[in-house]
1. Along the Cα-to-C-beta direction of residue 115, a point sits 7 Å from the Cα; which residues of the range 5-31 have their amide N less than 11 Å from that point?
2. Order these peptides, 38-47, 25-34, 82-91, by their mean beta-carbon neighbour count within 10 angstrom, highest first.
3. Using Cβ counts within 10 Å as a stand-in for footprinting exposure, how do 7, 118 rank, fewest first?
4. When DSSP assigns beta bridges and you keep just the ones with both residues in the chain, what percent turn out antiparallel, to the nearest 5?
5. May I ask you to derive the relative contact order of the chain, considering only C-alpha pairs under 8 Å and at least 6 residues apart, and to give it as an integer percent?
């Protein structure tokens, strides 16, 4: 079983139909239908996705997008222990640290993001959607 932690930029690429990233990001999300994969994200990511989608599109679309994602993804809650790990880590960005430790708690095999540089201290392999599709699938 391969567990993928999906960062917010991948989800927003799909919802906002952002070229040239839409296609590869959509293929990653489609892996939720493959029994060999579990795709997960955090509550925080869903909040970010909703906020950005509401600002760029509208509230109805934002609600529908989050509803769809909740039905497809395993959602990780960020609790006290995870926050403490992030604060004590060597990550320079707190949000990225929280995402990393959430991915660790989910036993993620990979973090999928467009912002690889944000995860330079990750102990989990970090790939773009394109890299994952090209090298792993």
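Readers should treat all values here as calculations from the given coordinates under stated rules, not as data from a laboratory. Bear in mind that the values here come from a model prediction, so they are computed numbers and not experimental data. Here the Cβ positions follow ideal geometry from the backbone for every residue, glycine too, while neighbour counts run over all protein chains shown.
1. So the set is 7-10.
2. On the way: 38-47: 20.4, 25-34: 17.0, 82-91: 14.5.
Per-residue mean Cβ counts within 10 Å order the peptides as 38-47, 25-34, 82-91.
3. Details: 7 24, 118 21.
Ranked by crowding around the Cβ, least crowded first: 118, 7.
4. Values: 0 of 12 bridges.
Expressed as a percentage, antiparallel bridges in the chain total about 0.
5. Values: 191 pairs, mean separation 40.1, N = 137.
Once divided by the residue count of the chain, the mean separation gives 29 percent.
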